[in-house]
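The values are calculated or read from the model by the stated rules, or taken from the named source; none is laboratory data. Keep in mind the model is a prediction, meaning the values are calculated, not measured. Note: ideal-geometry Cβ built from the backbone for every residue, glycine included; neighbour counts use all protein chains shown.
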Amino acid sequence: MANDKAQWMEGDLLVILRHGPHGTSWLREGLDAALVAAAFGRRVTLLFMGEGVTALVPGQSGGPLGQKGTAPTLEMLEMYDIDSLLVEADALARFGLCVDGLLLPARAAGPLELSALARTHALVLTF
Amino acid sequence: MMRYGILLMGAPYSSQAAHSALRFARAVAGRGHRLEGVFFYHDGVHNAARLAAPPQDEPHLVDGWAALAEDHGVSLQVCIAAALRRGLLDEREAARHGKQGHSVEPPFELTGLGQLVDLGLRCDRLVTFGP
């Protein structure tokens, strides 16, 4: 049974990011969880949902508040072998974004695919 | 019997999250399930503040977590990175950073985010409470 489960699991961990890069630490702390899991050899999928898609808008800096911003962290994802990046298609449309113009290569996912993700990952963390 | 874990990301007294998480934790243990651990992350790390002094007619959340640990052997793990930047240091970290006094004490323990992933994958259910 456990082996069957392992075969259809796409990854160990799905991290859902629902906050933009500014104003709160949700995005940064969510990314930290993803990086640590990957550093421990877990397969991680990132899903940018809702306002979270704005994290992938290029050209954002930390700003005057002295916060580090999340762009440098996002650029490190590849080094941690986190290359499974999904963005909510509806949110992209809502914010007037296009999947080709994002900071990192990502794939747009529709509602049916999104609802299946929770079943194909052993653990889901939402930030 | 199921194995549960709790991820708490809400600060005490700011939102319902911490109150609900503690009640859920007691219910899990009370129904004979196994609560493997509670992980405090984001603003949830404030639940480990040793110096919390709420009014006497309100639930004392910090003491409540400590009692849960004592009664049911539940580990209380606090993300060290989220804690340090919010001023929550145990004796060792306080000494390391040259701070007078400490704000976290056992049964709470400062630990890494890897423990959250381990907890989540070890349990049948990881239940998240947040604002």
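Of the strands (runs of 3 or more DSSP E) lying entirely inside region A:58-127, the ones with 1 or more residues being among the aliphatic types (A, V, I, L, M) and within 14 Å of chain B (Cβ to nearest Cβ) are found at A:121-126. In region B:92-111 there is no residue that is over 17 Å from the mean Cα position of the chain (by Cα) and under 30 Å from A:HIS121 (Cα atoms). Residue pairs whose Cβ atoms lie under 7 Å apart, sitting 6 or more positions apart in sequence or on different chains, and linking a residue in region B:53-68 that is touching a residue at least 12 places away in the same chain (Cβ under 8 Å) and under 18 Å from B:VAL28 (Cα atoms) to a partner that is surrounded by fewer than 19 Cβ atoms within 10 Å (Cβ to Cβ) and basic (Lys, Arg), are B:LEU68/B:ARG26.
The set of residues in region B:42-83 being within 14 Å of another protein chain (Cβ to nearest Cβ), assigned to a helix (DSSP H, G or I) and surrounded by 22 or more Cβ atoms within 10 Å (Cβ to Cβ) consists of B:HIS42, B:ASP43, B:GLY44, B:VAL45, B:HIS46, B:ALA82, B:ALA83. When you scan region A:82-89, do you find a residue that is more than 13 Å from the chain's Cα centre (by Cα) and modelled with pLDDT under 95, even just one? No, region A:82-89 contains no residue that is more than 13 Å from the chain's Cα centre (by Cα) and modelled with pLDDT under 95.
If only residues of region B:119-129 that are more than 7 Å from chain A (Cβ to nearest Cβ) and surrounded by fewer than 20 Cβ atoms within 10 Å (Cβ to Cβ) are counted, the one that is farthest from the chain's Cα centre (by Cα) is B:ASP124. Give region A:33-70 a look and list any residue that's small (Gly, Ala, Ser) and surrounded by fewer than 19 Cβ atoms within 10 Å (Cβ to Cβ), or say none. Across region A:33-70, the qualifying residues are A:ALA39, A:GLY41, A:GLY50, A:GLY59, A:SER61, A:GLY62, A:GLY63, A:GLY66, A:GLY69.
Of all residues in region A:5-31, those being over 17 Å from B:THR128 (Cα atoms), facing chain B (nearest Cβ under 10 Å) and of a type in the set (Asp, Glu) number 1.
Please determine, by comparing only the residues of region A:10-24 that are in a loop (DSSP other than H, G, I, E, B) and charged (D, E, K, R), which one is modelled with the lowest pLDDT. Walk me through how you get there before you give the answer.
Step one: filter region A:10-24 for residues in a loop (DSSP other than H, G, I, E, B), giving A:10, A:18-24.
With the extra rule that they be charged (D, E, K, R), the set shrinks to A:10, A:18.
Details: A:GLU10: 70, A:ARG18: 98.
The residue in question is A:GLU10.
Sub-9 Å Cβ pairs linking a first residue in region A:101-117 that is without any contact (Cβ under 8 Å) to a residue 40 or more places away in the chain to a second residue that is surrounded by 12 or more Cβ atoms within 10 Å (Cβ to Cβ) and assigned to a loop (DSSP other than H, G, I, E, B), at least 6 apart or interchain, are A:PRO105/A:ASP83, ordered by first then second residue.
Screening the candidates B:ARG86, B:ARG92 for the property of being assigned to a loop (DSSP other than H, G, I, E, B) and either out of contact with any Asp or Glu (no Cβ under 9 Å at 6 or more places or on another chain) or more than 29 Å from B:MET2 (Cα to Cα) (or both) yields one hit, B:ARG86.
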